[in-house]
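Inspection log for the structure reproduced underneath, given as structure tokens.
A short reminder: the numbers here are calculations on the coordinates, not readings from a lab. Source: prediction; values computed, not measured. With ideal geometry, Cβ positions are generated from the backbone for all residues, glycine too; neighbour counts draw on all protein chains shown.
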Amino acid sequence: MTKPPVAFFGFNRPDCTKIVFEAIRSYSPEKLFLVADGPRSDVPTDMARCESVREIMQAVDWPCEVHLNFSEQNMGCRNRMSSGIDWVFSQVEEAIFLEDDCVPCPDFFTFCTEMLTYYRDNPKVMHIGGANFQKGRIRGDGSYYFSVYPHVWGWASWRRAWQFYDSKMQLWPQAKEAKWIAKVFSTRLESEYWESMLEGAYSGTINTWCFPWAYTCWRKNSMSIIPNVNLITNIGAGPDATHTKGDVSSLALPTGKLGHLYHPRKISMNHAADRFTFETHYGGEEKNRIKISIAWIRSKLSSLRFLVKKAVS
């Protein structure tokens, strides 16, 4: 089976970049797209670090067709990622995508290759993810399950899916007004959470490309493929990260081996797995506790007001 092209995105973290690049070197794709953001003008250390990253990314020592898309100015996470993905899909029909903090295990490439081929012409599937947040739980009867969540810690997709991507989310105000998000998720808490995230992405207060991508997948009523074993370790938490600046040890999940791939008998969303992902990965359990606590406090205050009113009367 022909190896799909790989697109690798970097910025200013040489140590992370080198680790992920070594994993790509082990896979040795026949076509490699390298995308890098430029240094920030107000960060003196960026220039040297960005140059170091680009040197690492270009150290290709296997037979490979290499394409470069390096920005001289800083574009920011959202614009650099979305424009880079646009550029990749302007040249190829499908690709595997890795950022500089997402370390794939060998089975990740095998998995993406198989899935890209198997679902190439199925419009209901728009995204293949490499990360699994089920904490060892096996979902369904195959080597993977179908999810509402397009995880982007190592992923793959097709031009036919990405063509619908709109970084500006121009139709979001109408969708929000129509309460469309409530049709995507089974609980009010999930709907409220994702409405706030999408609103932040639309307004620009959340500088990310992946929420507009999730919005695109949801608007097309599509599904994402998630392996039943985690295939990606995220090493990007820390002060240099764009979003996860703390010591988030839960990001560095261990990877496993898929072995022989078994396809699920049915193509249908695994709602139990998605609820678990929301509760444990996106903080749904904590949000529920806060919501219950607020409701409890309100009930006590209401009871207190009733007793005071009764005592006065």
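Give me a comma-separated list of calculated 3J(HN,Hα) values for the stretch 101-113, in order, Karplus coefficients 6.51, -1.76, 1.60 applied at θ = phi - 60°, integers in Hz, x for any Gly or Pro.
Per-residue couplings from phi come out as 10, 10, 8, x, 8, x, 5, 4, 5, 4, 4, 4, 4 Hz.
What 222 nm value per residue comes from the helices of the chain, counting each DSSP H run with n ≥ 4 as -39,500 (n - 2.57) and dividing by all residues, nearest 500 deg cm²/dmol? Working shown, then result.
Working: 10 runs with 128 residues, N = 313.
After summing the helix terms and dividing by residue count, I get -13000 deg cm²/dmol.
Specify which residue in the list I225, V35, C112 is farthest towards the positive end of the charge dipole of the chain, using unit charges on the beta carbon of Lys, Arg (+1) and Asp, Glu (-1), about the Cα centre.
Projecting each Cα onto the dipole axis, the largest value belongs to I225.
Determine the relative contact order of the chain: mean sequence separation of Cα pairs under 8 Å and six or more apart, normalised by residue count, in whole percent.
20 percent
Would you mind checking the pairs K3/K168; K168/K220; K135/K266 and listing those with alpha carbons more than 28 angstrom apart? Let's see the in-between values first.
Values: K3/K168 32 Å; K168/K220 16 Å; K135/K266 23 Å.
From the list (K3/K168; K168/K220; K135/K266), the Cα-Cα distance tops 28 Å for K3/K168.
Going by amide H atoms built from the backbone, whose H comes under 5 Å of the H on V125, apart from near neighbours?
Amide H neighbours of V125, under 5 Å, 5+ apart: M223.
Compare C105, C64, C217 in a GNM of the chain, Cα atoms joined below 10 Å, and give the one with the largest fluctuation.
Maximum fluctuation in the GNM of the chain, among the listed residues, is at C64.
Using amide H atoms built 1.01 Å from N in the peptide plane, name the residues 5+ places from A95, or on other chains, whose amide H lies under 5 Å from its own.
Here the answer is S157, since their amide H atoms fall under 5 Å of that of A95.
For a quick check, take a GNM of the chain with Cα springs below 10 Å and name the residue from F164, F89, F146 with the largest mean-square fluctuation.
Judging by the Gaussian network model, the answer is F164.
Hey, how many Å between the Cα centroid of the stretch 123-175 and the Cα centroid of the stretch 200-228?
8 Å
Net charge within 14 Å of K176 by Cβ-Cβ distance, Lys/Arg positive one each and Asp/Glu negative one each, not counting K176 itself? Provide the component values of the computation, followed by the final result.
On the way: positive: K179, K183, R219; negative: E177, E192, E195, E199.
So the environment of K176 carries a net charge of -1.
Using +1 on the beta carbon of Lys and Arg, -1 on that of Asp and Glu, and nothing else charged, what's the dipole of the stretch 82-154 about the Cα centre, debye to 20?
On the way: 5 positive and 10 negative charges, 87 e Å.
With only Lys, Arg, Asp and Glu charged at Cβ, the dipole is about 420 debye.
Quick check: net charge around W162, other residues with Cβ under 14 Å of its Cβ, Lys/Arg +1 and Asp/Glu -1?
Details: positive: R120, R159, R160, R219, K220; negative: D86, E93, E94, D166.
So the environment of W162 carries a net charge of +1.
Could you please report the charge total around P39, scoring K, R as +1 and D, E as -1 over all other residues with beta-carbon less than 10 angstrom from its beta-carbon?
Numbers: positive: R40, R49; negative: D37, D42, D46, E51, E72.
In short, -3.
How large is log10 of I(q)/I(0) for the chain at q = 0.13, 0.14 Å⁻¹ when the intensity is taken from the Debye formula with one equal scatterer per alpha-carbon?
-0.97, -1.12
Taking amide H atoms as placed 1.01 Å from N in the peptide plane, list the residues 5 or more away in sequence, or in a different chain, whose amide H sits under 5 Å from that of D100.
Amide H neighbours of D100: F9.
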